[in-house]
Every structure is written in structure tokens, then in C-alpha cells.
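Report on one structure; see the data block that follows.
Computed from the coordinates by the stated procedures, all read-outs in this text should not be read as laboratory data. Since this is a predicted model, take the numbers as computed values, not measurements. In this analysis, Cβ positions are derived from the backbone assuming ideal geometry, glycine residues included, and neighbour counts consider all displayed protein chains.
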Amino acid sequence: MASRFTRMCLLAAVSSMAMSGAAAAQQAAAASQDTSTVGEVVVTAQKRSENVQTVPISMTALPGSGLADKGVKSLGDLQFAAPSLSVENAGLTQSVNIRGIGLASGSPNAANGVASYLDGVFQPPIVSSGAYYDIADVEVLRGPQGTFVGSNSTGGAIFVNTQSPQLGKTGGYAEVGDGSFNSLSAQGAVNVPVGERIALRLAVNDQNHDSYYTDHGPLNNHPDKLDELDSRLGLTWKPIESYQATFKLEQIDRKTGGYAYQPVPGTAYSAGYSQPSIRDLDYNSRSANNERALQGSLEQHYVFNDGTTIKSITGYENKQIHNLYDVDGTATTTSTENQFVREKVYTQELDVLSPTSGPLSWIAGGYFQRNRIDVTITDSPAPLNILIQNKKTTLGAFGQVSWKLSDTLTATAGARYSTYKVEATGGVHIGSFSGPNVGNTGGFEEDHALTGKADLDWTFAPDNLLYAFVARGYKSGGIQSATTDFAKETVWNYEAGWKSTLAGGHVKTQLDAFYNAYDNFQYDTVNVLNGQSAVSNVPAATIAGLEAQVQASLDGFRVDAGLSYVHSELGTYSVIDQNLLPPGSLKPQCAAGQTTNCTNYLNATRIISGAPNLLSPEWSINTGVEYAFHLGGGAVLTPRLNYAYQSSQEGSPSQEAFYQIKGRGLLSALVTLDRGDWQLQLKATNLTDDRYVTGYSISGSAGSQFYGAPRVVTISLRRDF
């Protein structure tokens, strides 16, 4: 475990390398361009590098240089920059949903509905809240991505691409920051060529802040305190002109002092509980949260003489979390949990891409993914021990063909065949892990599906694209117990959109409308056979809406905005209303005459019909406005305001009012002074210091609510070279 001194020495070394590299590097003349227009954003959503305005997908693309302007520092911040995206923070995992589709379950048996990728490697939902640093771009794709992503993308996909080593260039940056809550941050990156064929890039991120909360309990906990150290090493090798390989290895070491939460008003543990504000806690048990991850990726390209390209992406991840909980979140009851979760992921993708010079172009590929999940949970004072061990295998074969029917009309068809298999062992044990197994968590399930997309694109005028398509998406099923499982989820998406570049490049717009018809929509409930979180199915559901985005620039004035309206309606389903159950850990259904080591669910079943979908705000709005003042001597002062709003969301499948996430609007401001390679920035997030709930965790009739960060003011100094 690196000490604070070691960390700062490492960061100082990176900064020193940055400054020395800057002194040694030759200053290239800046290319002349019209900076008053909206810049082009290049994305790789369809495996090729394309202008986002020519891609027939509803998406938000943010270049790395634009993340700070929108206040995007991590995955959770993206929801305030991309329409229809919501991220529920409820402790262990962040439930990411697009158009209300994604992950609404804490069960390790549930698959993501929004596939997240880092440098082309699929990311499980744990250890996903770390900081973004040295980022090339972020792409948020809305709607099922059944051709290129496959079984984990009924809601959409998020691609985060970090900066890769560049051949023949010495460069990078160094940045230090300070702020409220004793926050300290330092990050930097340096790109170094090694001869003409090899380049290295080292990036380091260190950030710390005190807790946003005060624990009045006896153990001096510091929930939500941050201590994070990340590093990434990249190597690019190009031995011949037609072949290039890029290897990246990243480590994450993140501690937060545990999660911060209070009992949900109206639930079991809230009786007699009172604190002055959401920033005051009262734990009487130890809280801790330690997250570690190691990820490696290898991307290889080979280009044949005719332009055909073979691309391979190999990935490995080992992510683990160790948590200690004061389950009830009060000093009046003692209920603790010791939780360990580890997930290992192995992935391999192979793509073949044709040239695009002719009227016909195509992409074909195959995919392999193996997940190994281990979960151990010990609850006290209830003598309950839970063991879950899952092995998941995902295979896919896909292809897409595009045919230019004319200079302005293109037809595209794509398909993917996916298979999924999960094998699980484990149980719910009384007394110890070697004690009686009263609830089997093991089992076996497999399924398969054909997904894809048929699309028609029409460039009816220069820089104006109309598109319409029908697409099918799929999310795998899974295990509830040794004898029960839940079905795969499928969706048909009907969508049309218009992307335009207007006023000589000063205005760009994106508009789309969609209708989704779901079968076997997955939601979270309780498996009465073992008392564990489980996934069940709603026979039918519909989701429809509109999304719009605009970016405009004129001289020093820039504005961007996004809006979405999403209407959802679930069919009829049965759910266990946990508010009608005893608090704490749940056990298997009581047999006739049994009163101990069991839970009676008979009177807790509810039938829900026509309800809105979970974690799906009906309205979401984000906008930002800035103006650049040229001060002379090459200095530019740019003040900016950002505003983001999300309407209320349902937080529980049983639709209780006290589990509703209320709507909120957040304001942030920043002032940036640029002068050459130097940048000084003053930033304030949650400017009005709003206090709001970000998500819930439910265990029996006890519920915990989590909160967003308070107003945080930071100042940073950056040097690019």
C-alpha cells in the first residue's frame, strides 16, 4: 500500500517529467482554423472513426478536453451531460440506465443493460466510480446496440477511451488542485517516444478529500472520505507500417471510509431516528470501503494492401471490493455486515473491417467473455453467512453490411448471434459457512438470441442526415436458485432521427424519437426460496420518448443543451413489498409451523400494473453557456455556467412513495484563465448546495438512502506541453 509520501513523490516525478519535456519539446505552429465554429467530434461507435454528425445513432460525444467544462469527473457525472442517462448511487454498484433501461438490481446474477467499456474492454458494475483522467473521449450511445455490443446493451452503451501513446511525440500535462473539504488533487501524463517505432505514456491520478458527513457515533467513522491513487501505463509499438499494437495496464486503489446513508423515513429503522441534516450520521458500527482493480488491454491492428483491417482487443480485469456496513445506520440498533466481492473478467474480440472506398462496406467479428464472481457476506447479530460463486460465459458472432444506394442514400443491415451460460454454486448458511445451508444460491442457466439492426440513412441536403431504423436488443437471463431462474429480456426499438450542421458550422443539432417494446423486462425482487435479492420478469413493457441536443458557437460565445422526454409503462407483475417484512437480513420462506431462521413472505406480495419504469426520469435537461474574453497578451478568460435537471424517478419495484427519488436541478460554475500552455481554473459544483437523494438500498422493511455531494469549490493549475 503506497504511503502518502510515496504518492506525492510519484506525482512530483510525473510533473517534473512534464516540465522538462516541455522545455525540450519544439513548439509547433498552431494550425489556423475558425475557432468560432462548433468543432468536429470523431467517434468509434461503429468500429470505425467517424464524424458524430454522420453516425445514425442517438448519442452524446464528449472529447476529453470538454469533460472539465461540463463538470464530468466520473461516471456519475455523465448523467448531467447526456440526455436520458441516469446513474443511481446506492453503495456497492452504480445502476446505470439509459431511457430507463439498464441495471435496477443488486443481484450478482443480473447483467448490465447499459454496457460500459474502457478502452474497448467490458466493465462490470463494481469499482466503476473512480475518477476520469487522461481521457481521449467519452461516447454515450442511447438505445439497444445489438450488433456491435450484443447481450449487455438493451439500454445503450458507454465507451470511455483513454489517451494512447503517440509515436514520435513528447508531450503531456501536469495538474494540481486544492479546494473545500481539504481536497487535494494531482494528476499528470507524459508521452515519451522510444525510437521511431515505440512510444510510452504514463498517467497518474491522486485525489483526496475529507468526508462530506459528520458521524456522531462512538467509532469516529469517516464515511465518504476519499483517498484514491490510480495509474496507467501505455505502450504503442509499430514495427511495420501495416501493424500497430497498443498495450495498457491500469491499477486503481480507492478508499472512501464506507458509504454514507441514513434510514429512509417511513421504514423500520427510521422510528425514533433524528439528525439535524443529511450531513449528520450516527453509526455505532465500523464502516469501511476498499476498492482495488487491475486491468490490462491489448489492441492490435493489421491493414492489408487493399485496405482491409483486422483488429483484435484482448482484456483482463480483476476487481474487488471489501465493505463494512452499519446496516441500520443508527446508534439505537446494532446490525452489521462484512461484504467481499471480487469479479474477474477475460475478454477477446476479433473484428475484420472492409475498406469504405466502394459502394459496399462491411464489418464482421466474434466475441468471447468469461466472468468469475465471488461474493461472501457475513451478517451480525443474525448468524447468517452468504456465499455466491458464479461463472458466466458469453459468446457472440456479428456482421454488418452498408450499401450506398446513391450518393445520398445508404442502407445498412447488421446481425449478431449471442449465447450465454452461467453456472453458480453457494448458499445461505446459519452460524458459519460450514453451518447448515438453508438457501441454495447455485444453479445453471443458458440462453441465446439473434439481435441486430436495419437502417436507412438519407443525406437530403449538405450536412443534414435523416435516419430511421428498427433494432433488436437482448439481455441474458439468470439464476434465482437451484430450481428457479429468470428469463432473458428482449426489446424491439423503432427510431428516427435528424442530425444537422447549420449556419456554416456555427450550429449543430441532433433530434430523435423512439418507441421500445419489451418482453420479459427484468426487475429486482426477493427470492423467497433463499431470501436473497433476485431478478424476475415483467411480461411486457413500453418506453417511448424524444431527445434533442444542440451546440452553437459564435465568436467567443458558446452554448450547448440537451433535453429528453421519456414515457414508460410496465405491464402487470408481482413483487415482494419489502416494507412489509422484518428489518435486516431476509431468510428462506417459513415452512408450516416454522418460526425461526425463516421469513414469512405470504402477506408481503403485491400486484403492480401500469406503473412507470424504475430509475427513469420523465424529463432530463442539461445546458451550458460560456463566453471567452480576450484580455490581450494571449490570455483568455472564460466564465461558464452549467445547469442540469432530472425529474423524479421510482426507486423501488413496489412503487412506495418513500422510495421515490425526487427531481433535482443542479447548478455549477467555472472560470478558466488560459494563457498559452497554462490554465488556471476556479470551479464550484452544486453551486446552490442542494441536498438530494441519489438512490436507495432496501433490506426487508429497512431502507437506506444515499445523497449527492454538497457544494464543492476547487482551484486547479494545469500545464500542457
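Working out 0.36 nm times the residue gap between LEU580 and LEU409, then minus their Cα-Cα distance, what length gain in nm do you get to one decimal?
Contour length minus Cα-Cα distance gives 55.8 nm.
ASN51 versus THR334, label points 7 Å from Cα toward the beta carbon: distance in nm?
Computed distance between label sites ASN51 and THR334 equals 6.8 nm.
With an 8 Å Cα cut-off and a minimum separation of 6 or more residues, compute the relative contact order for segment 518-655 in percent.
Relative contact order, segment 518-655: 23 percent.
What does the highest-first list of 452-464, 387-399 look like by mean Cβ count within 10 Å? Let's see the in-between values first.
Details: 452-464: 16.2, 387-399: 18.8.
In decreasing order of mean packing, 452-464, 387-399 become 387-399, 452-464.
What order do you get for 564-576, 201-213, 136-148, 229-241 when each peptide is scored by the mean count of other beta carbon atoms within 10 Å, highest first?
Answer by packing, highest mean first, reads 136-148, 201-213, 564-576, 229-241.
Counting DSSP beta bridges in the chain, what percent are antiparallel, to the nearest 5? Spell out each step's value before the answer.
Details: 333 of 342 bridges.
Close to 95 percent.
Each label point is 7 Å from the Cα along the Cα-to-Cβ direction; what then is the distance between the points at GLU241 and TYR346, in nm?
Calculated label separation equals 3.8 nm.
Which order, highest average first, do 78-91, 470-483 follow once you tally other Cβ atoms within 10 Å for each residue and take the mean per peptide? Don't skip to the end; give the middle numbers.
Working: 78-91: 24.5, 470-483: 22.7.
Top to bottom by mean Cβ count within 10 Å: 78-91, 470-483.
Find the relative contact order for segment 392-442 and round it to a whole percent, using C-alpha pairs within less than 8 Å whose residues are 6+ positions apart.
The normalised contact order for segment 392-442 reaches 31 percent.
Once semi-axes √(5λ) of the Cα gyration tensor in Å is worked out from the coordinates, which option in (1) 46, 39, 27; (2) 65, 41, 22; (3) 40, 31, 25 does it equal?
(3)
How far, in nm, would the chain grow between GLU569 and ASN603 when pulled straight, counting 0.36 nm per residue and subtracting the alpha carbon separation?
Residue separation times 0.36 nm, minus the Cα-Cα distance, leaves 9.7 nm.
Kindly state, to the nearest 0.05, the FRET efficiency for ALA592 paired with SER74, given R0 = 51 Å and r defined as their beta-carbon distance.
Numbers: r = 51 Å, r/R0 = 0.99.
E between ALA592 and SER74, to the nearest 0.05, is 0.50.
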